[in-house]
């Protein structure tokens, strides 16, 4: 009796295993499922809404084109509410679904450490929207890829901007979170390589600071004493415009340079007239119609802009660009798997991505580079008359 | 570097912050004076003042002053609704339960705002330009003067309301001596209802005034509410004058502390001030009608 029961259980297990091993290789025309782990509620809700809209729009387009060699794409979108625990739970849930070869998201830096660790342990590709940071790069993880421009290339691009503008001494006012601090450090490193004098302020600011006046009052004497040519706000989100606004209110007229996080419409709306003349390097989707005629990115960017305006009544921004690039990178890698889509095959295909042209530029992944983009994929931007204007040097 | 050279400008910044904290603190005190309820949704009224004005300007196309007025009225209605839907049904419960209910209401309000108006931060243009005025080496943005003026104006209006009108006195009576108020024929629940409206109005005015200086978003109310609460406690729980004084003390201490310590500790300073006051003078600087310091 006991033996019989054991046999039944064993048989069931074996048949389950058999079923699983069968389902590993999708049958002809069966969909490829992509897990999407996004901050759809919480402070990033409005930003991730754009991501979701673009993902849905692009998947519909891919499926209308016949999918990936006859296999349609299918999205499973889950909301992590900008919560570490929920992001981890969703990631784990996706890893247990053997039909999912790749998980997209999370959006924000504080969550990527967790999902990357799970991806590494379970052996599933994780494409993260936010830039990598020195901490996660140091781990040399095999299964995680980042979409956005890394702190390294942003800092290199900004050093170029300072050289072109003839700035000699630059004061950096960093945020107190890892990405803002590493942007400041890399900028100092690359700037000093090129002979610039870079001072990183001891004062920092928090992402929740609504008034930077006190910090700026302390920085004002340094600006005057060191004859600072430019003030670098190494930050993202609302603190950027707040810093510029507070500076101008204190009568500091030093030119301001910023990060690629300044390339969003709401930044100009928050800072108002104070934002005039702020310069930074950013992704190409910020200025779709000011790109060079011969730029291979231009037709992709303008096409996406038109389709977004038509469907959602809102034009393209860097976020929409990231979403577009992520889904088409997946499409491209799946296609190169030639029907043999397993998690390992997909990862290898994605890592082999070379010269892939998308909204933000040309992606090249390699075993040593999981960030994809390069300095050449960014453009210089100046805020003029409340609009983004491309600068060429 | 000599830290004292920053003091005048930091003082100017601190007075502005103080005026903002004072406005939020006044909102807390109005409700406490009528019902002893601590309304943790107070910060949300401030947030709504800014967010709803923004919506009326961009969504409904109203001119700025009209939009601001409409927003204040809308928030007053929300204040009334908060009383009718949350506080009134729980009128027989203990004050502690009511306080928890207001915490719940604040979460509902801020998330509803996120759903309706989005999560991106929103800014309003300043009332009268953003060219800073220079006074003896100190720079002040005109909007700061608006905030300062409004704080004192509201303080005097509230003083008049509570000391010179029957309604104001009835409001106060229903809190200090509920039984006595009942015996004198004061409709206590109606007084609390009115207090929620006035408090929401003051909060919304604060929101309209401060949004041009900073910005507002669906979750901006929490920290402002907390700071306003600290200001009200520091100054003297339950006193209008205490709320205003507490606001300025908090703002100035917070701001000037930066001359000596890194700005990262700015928010902690507020709580240190609160602890020190509670430790050495639990009834606040001006004393509180509700806290008997002999009990400590």
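A short reminder: the numbers here are calculations on the coordinates, not readings from a lab. Since we're looking at a predicted model, the values are computed, not measured. Using ideal geometry, Cβ is built from the backbone for each residue, glycine included, and neighbour counts are taken over all protein chains shown.
Could you tell me which of rounded, prolate or oblate describes region A:292-352, using a ≥ b ≥ c as the square roots of the eigenvalues of the alpha-carbon gyration tensor, with rounded for a/c under 1.5 and, failing that, prolate when a/b is larger than b/c and oblate otherwise? Judged from the Cα gyration tensor, region A:292-352 comes out prolate (a/c at least 1.5, a/b above b/c).
Pick from B:248, B:160, B:229: which residue has the top mean-square fluctuation in a GNM of chain B where Cα pairs under 10 Å get a spring? Judging by the Gaussian network model, the answer is B:160. Using R0 = 56 Å, the C-beta based FRET efficiency linking residue B:91 and residue B:153 works out to 0.95.
Be a star and scan region A:166-199 for residues whose amide nitrogen sits under 18 Å from the point 7 Å along the Cα-to-Cβ vector of residue A:393. So the set is A:166-172, A:184, A:186-199.
Rounded to the nearest 5, what % of the DSSP beta bridges within the protein assembly as shown are antiparallel ones? Present the calculation step by step, with values, prior to reporting the outcome.
Values: 19 of 50 bridges.
The answer is about 40 percent antiparallel.
Approximating the spin labels as points 7 Å out from Cα along Cα→Cβ, the residue B:165-to-residue B:268 distance works out to 4.5 nm.
Run the numbers for residue A:75 and residue A:176: contour at 0.36 nm per residue of separation, minus the present Cα-Cα distance, in nm. Provide the component values of the computation, followed by the final result.
On the way: separation 101, 0.36 × 101 = 36.36 nm, distance 3.53 nm.
Answer, rounded to one decimal: 32.8 nm.
Let me make sure I get this right: for region A:176-323, a, b and c are the square roots of the gyration tensor eigenvalues over alpha carbons, sorted descending. Under 1.5 in a/c it's rounded, otherwise prolate if a/b > b/c, else oblate. Which is it? Prolate shape, in that a/c is at least 1.5 and a/b is the bigger ratio.
For the residues A:166, A:67, A:277, a GNM of chain A with alpha-carbon springs under 10 Å puts the largest fluctuation on A:166. In whole percents, the pair-distance distribution calculated for the protein assembly as shown from its alpha-carbon pairs, binned every 20 Å from zero, is 17, 43, 30, 10, 0. Note on residue B:131 and residue B:80: the extension gain reaches 14.5 nm, defined as 0.36 nm multiplied by sequence separation minus the Cα-Cα distance.
Helix content alone sets the calculated 222 nm mean residue ellipticity of chain A: runs of n ≥ 4 DSSP H residues at -39500 (n - 2.57) each, divided across all residues, give -15000 deg cm²/dmol.
Note on chain A: GNM, Cα springs under 10 Å; of A:258, A:70, A:105, the largest mean-square fluctuation is that of A:70.
Give the order of A:224, A:120 when sorted by the count of other beta carbons within 10 angstrom, beginning with the fewest.
On the way: A:224 11, A:120 15.
Ranking A:224, A:120 by Cβ neighbours within 10 Å, fewest first, gives A:224, A:120.
Structural descriptor for chain A: relative contact order 15 percent, calculated from alpha carbon pairs under 8 angstrom and at least 6 residues apart.
In terms of its C-alpha gyration tensor, chain A has a prolate overall shape, because the principal axis ratio a/c (a ≥ b ≥ c, square roots of the eigenvalues) is not below 1.5 and a/b outweighs b/c. Length gained on full extension, residue A:385 to residue A:344: 9.8 nm, using 0.36 nm per residue less the C-alpha separation. Mean sequence separation of contacting Cα pairs (under 8 Å, at least six apart), scaled by the length of chain B, corresponds to a relative contact order of 36 percent.
Using alpha-carbon pairs under 8 Å, 6+ residues apart, how would you state the relative contact order of region A:321-391 in percent? List each step's numbers first, then the result.
On the way: 77 pairs, mean separation 14.9, N = 71.
Reported as a whole number, the value is 21 percent.
In 5 Å bins starting at 0, how do the alpha-carbon pair distances of region B:3-288 split up by percent? Values per bin, smallest distances first: 1, 6, 12, 17, 18, 17, 13, 8, 4, 2, 1, 0.
Averaged over the residues of peptide A:247-255, the number of Cβ atoms from other protein chains lying within 10 Å of each residue's Cβ is 3. Beta-bridge orientation, chain A: approximately 35 percent antiparallel, per DSSP, counting only bridges with both partners inside.
Report the FRET efficiency, 1/(1 + (r/R0)^6), for residue A:168 and residue A:366, where r is their Cβ-Cβ distance and R0 is 35 Å, rounded to 0.05. My answer for the efficiency is 0.45. The calculated FRET efficiency for residue B:11 paired with residue A:197, based on their beta-carbon distance and R0 = 35 Å, is about 0.60.
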